[in-house]
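The values are calculated or read from the model by the stated rules, or taken from the named source; none is laboratory data. All values derive from a computational prediction rather than experimental measurement. So basically every Cβ, Gly included, is an ideal-geometry build from the backbone, and we count neighbours across all protein chains shown.
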Amino acid sequence: MKEDNIVEIEAEVNDSYSNDDLYNINSWGADLSFRELITMYDEEELLKPELQRYYVWEKPEASRFIESILLGLPVPSIFLANTKNDKKLIIDGYQRIMTVYDFVKKGIWRKDGKTFKLSNTDKINERYRGKAFNELSDQDQRRIRSTTIHAIVFEQKAPKDNDTSLYQVFERINTGGRALLPQEIRNCVNQGEFNDLLFELNENLNWRQLFGKSEKDSRMRDMEFILRFLALDTDFIKKNEASTISLKKYLNEFMGSTSSQTPQIIEERREKFNNVMDFVFHNIGENAFFNITAGDETKIRKRFYPTIFDSICPAVAIALRQFGDQIPIHNLEEKRLALLKDEDYKKYISEGTMQISHIHGRINLALNYLFNISYE
């Protein structure tokens, strides 16, 4: 199936919010030598985002940066964030740090696996042209190691229960060549066992079939849907008195919460997701999260529909908790097709999808049609 196998809902694509949370944020400047940065990276005190961000610089660009250091020219600042375990996450500056690390420490150009030599062109000073680090003079080697780069270090002191300000900072300051999607940013800033769990769950074979793509989504949208199900199947949604939520903000807070990192919660979420995917795949079928075609209700539109997914999955999770091994399994695909034809359900999955009443409404109808119970 093609990359565009996901139905996009305008209100969710354009979801943005003004965060009125009050943060106690400290930031300060620090001049760090490349010798220090290399050691910090080796000792895993300096972290790149868990998102496997590609090194994008080409050899001429990397060579010019190394040359700038050798010539004593100023280099742009980097941006780091203190994590809960007193390590530092690279928010901005990954290309610069990795260029020096590879040139000095590894001596290998990562894009071809060959010796990292500066470009042999007239754009590089003749003194350094075509040279590897170990071919430079001792003085030039010391100059690179001892050169300092200004780092702006950010730390959130409060609130203690989430790191949502880190998301805000990353979203606004990151200067990578590609604008990151929300889940890519969450993956960068939320280091820990819950983030690891999302990677694990995304490998679930039943989920891959139900999502409609065997290969993982390069922009992590599939992982965001897993997070979405886990977040919407909570007491918060059942008890929330607001009229509408920002999905982006809600998922940020849910993933960034300290409670999301506890071993018991991690295991509960693993078990819930795997059990729901197993039940849906074997009892509803691989079309469970697809819609019927407008104008021809006998045809299935083979595209993943987020709001069908986020109503059926919580409904199944609730039914599994209520019925256990006695959960009804008769004619569930026929009942799902009847659900898709319900006019109220059509509205709940396509209009105002983050209105609390519509979230409640679509989960309740899924429970009604599939299991003959109500959302309480």
task = Within the stretch 28-48, count every residue that is assigned to a strand (DSSP E or B) and either free of Cβ contacts under 8 Å to residues at least 40 places away in the same chain or more than 15 Å from Ile69 (Cα to Cα) (or both).
result = 5
ask   = Can you pull out the residues in the stretch 268-280 that are within 25 Å of Asn195 (Cβ to Cβ) and in contact with a helix residue (DSSP H, G or I) (Cβ under 9 Å, 6 or more places away or on another chain)?
value = Arg269, Arg270, Lys272, Phe273, Asn274, Asn275, Val276, Met277, Asp278, Val280
query = Does the stretch 260-275 include one or more residues that are modelled with pLDDT of 95 or more, under 19 Å from Asn368 (Cβ atoms) and not aliphatic (A, V, I, L, M)?
reply = no
remark   = Residue count, the stretch 320-376, condition in contact (Cβ under 8 Å) with a residue 40 or more places away in the chain and either of a type in the set (A, V, I, L, M, F, W, C) or not in a loop (DSSP other than H, G, I, E, B) (or both), comes to 27
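Determine whether Ser68 is among the small types (Gly, Ala, Ser), crowded, with 17+ Cβ neighbours inside 10 Å, out of contact with any Pro (no Cβ under 6 Å at 6 or more places or on another chain) and modelled with pLDDT of 95 or more.
Working: among the small types (Gly, Ala, Ser): yes; crowded, with 17+ Cβ neighbours inside 10 Å: no; out of contact with any Pro (no Cβ under 6 Å at 6 or more places or on another chain): yes; modelled with pLDDT of 95 or more: yes.
Spelling it out, it is not the case that Ser68 is among the small types (Gly, Ala, Ser), crowded, with 17+ Cβ neighbours inside 10 Å, out of contact with any Pro (no Cβ under 6 Å at 6 or more places or on another chain) and modelled with pLDDT of 95 or more.
Within the stretch 316-336, track down each residue that is small (Gly, Ala, Ser) and touching a Lys or Arg at 6+ places or on another chain (Cβ under 9 Å). Break it down into steps so the answer makes sense when it comes.
Keep residues of the stretch 316-336 that are small (Gly, Ala, Ser), which gives 317, 319, 324.
Matches in the stretch 316-336: Ala317 only.
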query = What number of residues within the stretch 52-108 are part of a strand (DSSP E or B) and either hydrophobic (A, V, I, L, M, F, W, C) or within 24 Å of Tyr128 (Cα to Cα) (or both)?
reply = 8
query = Hey, among the residues in the stretch 288-313 that are aliphatic (A, V, I, L, M) and assigned to a helix (DSSP H, G or I), which one's surrounded by the most Cβ atoms within 10 Å (Cβ to Cβ)?
reply = Ile312
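Any residue at all in the stretch 141-149 that is in a loop (DSSP other than H, G, I, E, B), at pLDDT 95 or above, outside the structural domain of Asp217 (by TED's automatic domain parsing) and closer than 18 Å to Ile38 by Cα? Full working, then the answer.
To start, the set of residues in the stretch 141-149 that are in a loop (DSSP other than H, G, I, E, B) comprises 147.
Going one step further and asking which of them are at pLDDT 95 or above, we end up with 147.
Filter once more, so that each one left must be outside the structural domain of Asp217 (by TED's automatic domain parsing): 147.
Adding the requirement that they be closer than 18 Å to Ile38 by Cα leaves 147.
Looking for residues that are in a loop (DSSP other than H, G, I, E, B), at pLDDT 95 or above, outside the structural domain of Asp217 (by TED's automatic domain parsing) and closer than 18 Å to Ile38 by Cα, one finds at least one in the stretch 141-149, hence yes.
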